[in-house]
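Below is one structure, written out as structure tokens; comments come after it.
The values are calculated or read from the model by the stated rules, or taken from the named source; none is laboratory data. These numbers were taken from a predicted model, which means no experiment stands behind them. Please note: Cβ atoms are built from the backbone with ideal geometry, for glycine as well, and neighbour counts cover all protein chains shown.
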Amino acid sequence: MTSQLETVFESIFIHAERRPGHPALIAGDRVVSYRELKELVASIAGGLRQSGVQTGERICVETHDPIDHFAASVAVMLHGGTSVALPNDSAESYEAVLNDAQPRLVITNGVRRFEVHKLSNARSAEELLSVGERCPASLRQPSAEDIAMIYYTSGTSSGVRKGVLQSYRALSATGRYICEVMQLDENVVEYVASPIDNAFWFGRCRVLARVGGTALLSTGNLNPLNVLSALRQHGGNCIAGDTPIFVLFLHHMSARFRALGPQIRWAKVASQAMSIEDKRALQEHLPNARIIMNYGLTEAMRCCLLPFEDYPDKLGSVGRPSPGVSVRVVSDKRQVVLPGELGEIEVSGDNVASGYLNQEELWRSRFHDGWYATADLGYVDGDGFVFVLGRNDEAINVGGRKVAPNEVEVQLRKLIPGRRLGVFAIPDPARVLGDVVAMAIEGVEKPDFVWQEFRIHLFELMPSSNVPREAFLALELPMTTNGKVKRRVLSEMAAAGELIKL
Amino acid sequence: MPLTNDAVRELICRVFSLPTTFKFTPELRPAFVPGWDSFGWMSIMMEIEAILSREIPIGLFDRVVTVDDFCNVVVEFSRQPTSKSDDFAA
């Protein structure tokens, strides 16, 4: 009998009884059935117990083998610890997470990307298996508010990685409603096209375990060609990944993706923005698929869900709030605004995390009266659909009107194709509006228009507050590693006279 | 024209803007090369397709673990006659 609070280890144990030989995880040549996964998880948990790890202690997991990574993370939870995924993007963030999490143990194996001299407490998965006991007689039943996992944010906007505390309540609630809305069943064979250290990756694996499906996992970094190859080889019928992987399929591998399309029954697109054109193209490439896009943050997972087929007229939105989740938009004074009005998106519900590790004050500044302030800028329309326009802290305040730079960029890119550009704030030269919008185009070559004439044309296409007051050329646009424009740096460059005025 | 291992390494350096002094060790994995993420895979595959004037077949990189594996697979692929390409869309 499944409890209301279904844990990932409970899901695995249930399916190890129901369909023991069914493949749970496939990575390269390695196939692990539910029975084998249960044994692997239980043995690693046993190894942790024999190593003296106490309930509630933090254990970092850093393995390049995706099956071991998943099994070790689940084993930590089964043992009663808190699992922490180590980031894989830079030595700096890797060390920062180790320093912040202060784990009792690091479970590792294979090749380590970074040489960090703080891993005297590292134990390999094999080592834990060699001392591990067999399955415990009974499953542990955690309380809803126990912390199961910690995932670190990328720190793109704040510059600081934050360890987000995920409770069993949040994991269980999101897993339950994702399965319901996606209408997943035990026949799902899904390629999880996401980096192993990403919360989305683990989220998909635990959702698949919940329904007794099969996860196809990448053994290295994500190669789009290998994704299609694995789906073909294993009869895959579901793809889950971030927007960029779908954009790669649509724009660079369209024929190969389309050929595979009819066998796909489900697709799950993670929360990064996708254009309406790409959403329609995705539907066309995957004619038999139920495609779901979600909006969420590490701090408030899967706030909204958008099943494309159910709401063809709302593809520009991120959907409606998920079951049990409430979303509202507030002004700078934290007053709820009217439908259609821009403001900061706030979220409340079981999906909201329990806090930041070691940063209680920061959490209190973002979470009050049961609402988590996302720092995302958006609005809710009259039908209850949520539209996200960008980061609230990136919004340009033009005389009290908030302008979402992403939105302006999308329009400008259509008019200036083939050139990379960024929108940012500059002080109003007339000193009336505070800040105004400016645009920088990358490169030294002037565009084939007269800026002042072009600008006049823009007034016909967008609200006047959105029209750039000035335009510049930038030899190279400052970008983050995630490919986002560093707007503050552009503002500084403009102020320092480092941009060429058009 | 068939590619050599050195030519593929040079290509990797060019695509990912690596210094000429970049060290290719036998155990080096694509994930450890700066910039070689899923977009990096796309970039380098498109470069290879442009150089060889052929579409890379699905499955070619299935068994690639290290950069050395990648170089060997690309060299071998460049030596195959065009007809051996089993493009999925074909």
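Go through (1) outside any strand (DSSP E or B); (2) in contact (Cβ under 8 Å) with a residue 12 or more places away in the chain and name the single condition A:GLU92 misses.
Going through (1) outside any strand (DSSP E or B); (2) in contact (Cβ under 8 Å) with a residue 12 or more places away in the chain one by one, A:GLU92 breaks only (2).
Please find, within the range A:210-253, the residue that is farthest from the chain's Cα centre (by Cα) out of those that are β-branched (Val, Ile, Thr) and either within 8 Å of chain B (Cβ to nearest Cβ) or part of a loop (DSSP other than H, G, I, E, B) (or both).
Among them, the one singled out is A:THR219.
For a quick check of your reading of the model, give me the residue pairs whose first member lies in the range B:54-82 and is within 9 Å of chain A (Cβ to nearest Cβ), whose second is of a type in the set (Phe, Trp, Tyr) and assigned to a loop (DSSP other than H, G, I, E, B), with beta-carbon atoms closer than 8 Å and at least 6 apart or on different chains.
B:PRO57/B:PHE88; B:ILE58/B:PHE88
Give the residues of the range A:254-266 that are at the interface with chain B (Cβ under 8 Å from one of its Cβ atoms) and hydrophobic (A, V, I, L, M, F, W, C), sorted by residue number.
A:ALA255, A:ALA259, A:LEU260
Specify the residue that is surrounded by the fewest Cβ atoms within 10 Å (Cβ to Cβ); the eligible residues are those in the range A:93-132 that are closer than 24 Å to A:THR480 by Cα and at pLDDT 70 or above.
A:ASN99
For the range A:11-80, give me every one of the strands (runs of 3 or more DSSP E) that falls completely inside it and has 1 or more residues that are in contact with a Cys (Cβ under 8 Å, 6 or more places away or on another chain).
Passing ranges, in order: A:23-27.
Suppose we filter B:ALA50, B:ALA31 for residues that are within 12 Å of another protein chain (Cβ to nearest Cβ), in a helix (DSSP H, G or I) and over 11 Å from the mean Cα position of the chain (by Cα); which single one remains?
B:ALA31
Based on what the data block shows, is A:LEU473 of a type in the set (A, V, I, L, M) and in a loop (DSSP other than H, G, I, E, B)?
It is false that A:LEU473 is of a type in the set (A, V, I, L, M) and in a loop (DSSP other than H, G, I, E, B).
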